[in-house]
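Student: Please find one structure pasted underneath; my questions will follow.
The values are calculated or read from the model by the stated rules, or taken from the named source; none is laboratory data. Keep in mind that what you see is a predicted model, and the values were worked out from it rather than measured. For neighbour counting, all protein chains shown are included, and Cβ atoms are generated from backbone atoms with ideal geometry for every residue, glycine included. Remember, those area values only see protein heavy atoms, side chains included, never the ligands or the DNA or RNA. Shrake-Rupley method; radii C 1.70, N 1.55, O 1.52, S 1.80 Å.
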Amino acid sequence: MSETIFTKIINREIDAEILYEDEQALAFKDINPQAPVHFLVIPKKAIATINDITKQDRELVGHLSVVAAKVADEMGIAEEGYRTVMNCNEFGGQSVYHIHLHVLGGKLLGWPPYTDKPKNLE
Ligand code: DGP
């Protein structure tokens, strides 16, 4: 798999506003926030998409949610609530091919996420 911008953030080759780090994961602010609080939680292991997650990654992927909740609490959004999203491939809106959990909060969020309602769902 080719290296993504997130590997460069892990390796401190480019800057990011890092909120949390441990041996397995990193959390940092999204460069293009879609909510008052928007950060990403990534595994240090480079896994391209959700489709590439293996059974061996189960604990690691679960750990991302543990980190998300811890940082959400530290950012003051835990009680009111927030959303976690992991996009997959083109239709899921994925642009960086290193899995990442978006954590969005600080405001009442809308649902559903698409803007053009599919015809079969009108
Ligand atoms: P996705 O579309 O789900 O693959 O989300 C990728 C997110 O990554 C997007 O919300 C913007 C963020 N992002 C892309 N490049 C950078 C970067 O260099 N630094 C930071 N902090 N975030 C980035």
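Student: (1) touching a strand residue (DSSP E or B) at 6+ places or on another chain (Cβ under 9 Å); (2) open to solvent by 80 Å² or more (accessible area, probe 1.4 Å); (3) more than 14 Å from the ligand (Cβ to nearest atom); (4) touching a residue at least 12 places away in the same chain (Cβ under 8 Å): which one isn't true of Glu17, the others all being true?
Tutor: Just one mismatch for Glu17, condition (3).
Student: Do you know which of the residues in the stretch 72-91 that are in contact (Cβ under 8 Å) with a residue 12 or more places away in the chain and within 12 Å of the ligand (Cβ to nearest atom) is farthest from Ala46 (Cα to Cα)?
Tutor: Across the stretch 72-91, the extreme among qualifying residues is Thr84.
Student: Among residues belonging to the stretch 98-115 that are among the hydrophobic types (A, V, I, L, M, F, W, C) and in a loop (DSSP other than H, G, I, E, B), point out the one that is farthest from Ser2 (Cα to Cα).
Tutor: Leu108
Student: May I ask you to say which residue of Tyr97, Tyr82 is out of contact with any strand residue (DSSP E or B) (no Cβ under 6 Å at 6 or more places or on another chain), surrounded by 11 or more Cβ atoms within 10 Å (Cβ to Cβ) and either of a type in the set (Ser, Thr, Tyr) or modelled with pLDDT under 95 (or both)?
Tutor: Details: Tyr82 fails: out of contact with any strand residue (DSSP E or B) (no Cβ under 6 Å at 6 or more places or on another chain).
The conditions single out Tyr97.
Each row is one residue, and each column tells you yes or no for (1) farther than 30 Å from Asp116 by Cβ; (2) part of a loop (DSSP other than H, G, I, E, B).
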{"position": "Glu23", "(1), (2)": "yes, yes"}
{"position": "Gln34", "(1), (2)": "no, yes"}
{"position": "Arg58", "(1), (2)": "yes, no"}
{"position": "Gly76", "(1), (2)": "yes, yes"}
{"position": "Glu90", "(1), (2)": "no, no"}
{"position": "Val96", "(1), (2)": "no, yes"}
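Student: Another question about this same structure. Pick from the stretch 22-56 the residues that are open to solvent by less than 50 Å² (accessible area, probe 1.4 Å) and within 16 Å of Arg83 (Cβ to Cβ): which of them is farthest from the ligand (Cβ to nearest atom)?
Tutor: Applying the filter and picking the extreme gives Val37.
Student: Oh, and also: Suppose we filter the stretch 1-22 for residues that are under 21 Å from Ala48 (Cβ atoms) and at pLDDT 95 or above; how many remain?
Tutor: Qualifying residue count for the region: 11.
Student: What is the residue count in the stretch 57-79 for residues that are of a type outside the set (Gly, Ala, Ser) and open to solvent by 60 Å² or more (accessible area, probe 1.4 Å)?
Tutor: Count: 8.
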